[in-house]
Amino acid sequence: MPNSDYLRTQSGALIHKNAKIGSGVQLENGVVIDSGVVIGSGVLIGSRSRIGAGVVIGSDARIESDARIGAGSCIGAGSRIRAGVVIGSEARIGDGVRIESGTRIESGVRIKSGSWIESGATIEDDVLIESDVLIESGVRIESGVRIKSGAVIGSGAVIGSRARIGRRATIEDDVLIKSGAVIEKTINPQNPQE
């Protein structure tokens with residue numbers, strides 16, 4: 001943890017001496033930036049957030065207070081990471097992605113550009129979410145799931161491990177998708193998966 005390898009800013013942030021910080025970056029009180037981090041210009045990192053070793057953050061990203069970004073992860077330009085979000089190691093978050101408060105994203109997750117993850121979602125290891133996907137609040141996505149571009153996952157839905165959700169498919173609120181399922185259409189409580 002912080003030692004002589006860290007420098008303290010006027011705002012009270014701790015930055016490892018091997019980190020690279022772009023112009024116009026704002027670091028609030030209690031932020032910790034670990035070794036090898038690269039932060040693009042115009043980034044804001046909120047109070048008490050922790051940025052793990054080797055993380056890369058693209059220009060104009062916003063990371064709100066109490067967020068945790070795991071080692072080796074990448075956060076795309078213009079992305080918005082809300083308060084209390086936890087992102088595991090080696091995750092890839094594309095440009096312009098929005099991740100709302102209280103969401104937990106585990107290791108190796110890939111979320112492509114333009115997707116929106118609403119509050120309280122849990123996304124387990126090695127999930128791939130293609131571009132422009134909407135995942136509503138309280139959703140749980142188990143490991144190894146693949147979600148194609150334009151899909152919508154309703155509030156409270158659970159997607160079982162290794163499931164495949166097709167392009168523009170819709171999973172409505174509170175639906176359970178079995179492990180290994182392949183979904184190419186709208187699934188709701190009146191139209192369950194086969």
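The values are calculated or read from the model by the stated rules, or taken from the named source; none is laboratory data. What you see is a predicted model; the values in this text were computed from it and never measured. Cβ atoms come from the backbone with ideal geometry, glycine included; neighbour counts cover every protein chain shown. Calculation scope for accessible area: heavy atoms of the full protein, side chains included, ligands and nucleic acids excluded. Shrake-Rupley method; radii C 1.70, N 1.55, O 1.52, S 1.80 Å.
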Filtering the range 53-65 for residues that are assigned to a loop (DSSP other than H, G, I, E, B) and within 14 Å of the chain's Cα centre (by Cα) leaves a count of 4
For LYS17, the lone unmet condition from (1) in contact with a Ser or Thr (Cβ under 9 Å, 6 or more places away or on another chain); (2) within 17 Å of SER79 (Cα to Cα) is (2)
| query | Is it the case that the range 41-51 has a residue that's part of a loop (DSSP other than H, G, I, E, B), more than 17 Å from ILE87 (Cβ to Cβ), open to solvent by less than 50 Å² (accessible area, probe 1.4 Å) and touching a residue at least 24 places away in the same chain (Cβ under 8 Å)? | reply | no
query: Are any of the residues in the range 70-81 within 14 Å of the chain's Cα centre (by Cα) and either of a type in the set (Val, Ile, Thr) or at pLDDT below 95 (or both)?
result: yes
The lone condition SER161 fails out of (1) touching a residue at least 24 places away in the same chain (Cβ under 8 Å); (2) open to solvent by 40 Å² or more (accessible area, probe 1.4 Å) is (2)
The condition of being farther than 23 Å from VAL109 by Cβ and in a loop (DSSP other than H, G, I, E, B) holds, among GLY72, GLY24, only for GLY24
Just one listed residue, out of SER4, SER35, is in a loop (DSSP other than H, G, I, E, B), modelled with pLDDT of 95 or more, farther than 27 Å from ILE117 by Cα and polar (S, T, N, Q), and it is SER35
Exception for ARG92 within (1) more than 19 Å from ILE135 (Cα to Cα); (2) open to solvent by 30 Å² or more (accessible area, probe 1.4 Å); (3) not small (Gly, Ala, Ser) falls at (1)
Q: Considering every residue within the range 67-84, establish whether at least one is at negative phi, among the hydroxyl-bearing types (Ser, Thr, Tyr) and in contact with a strand residue (DSSP E or B) (Cβ under 9 Å, 6 or more places away or on another chain).
A: yes
Within the range 20-40, the residues that are on the phi < 0 side of the Ramachandran plot and either open to solvent by 20 Å² or more (accessible area, probe 1.4 Å) or among the acidic types (Asp, Glu) (or both) are LYS20, ILE21, GLY22, SER23, VAL25, GLN26, LEU27, GLU28, ASN29, ASP34, SER35, VAL38
Would the range 3-14 turn up any residue that is touching a Cys at 6+ places or on another chain (Cβ under 9 Å), among the β-branched types (Val, Ile, Thr) and open to solvent by 10 Å² or more (accessible area, probe 1.4 Å)? no
Could we say that SER131 is surrounded by fewer than 17 Cβ atoms within 10 Å (Cβ to Cβ) and within 22 Å of ALA77 (Cβ to Cβ) here?
yes
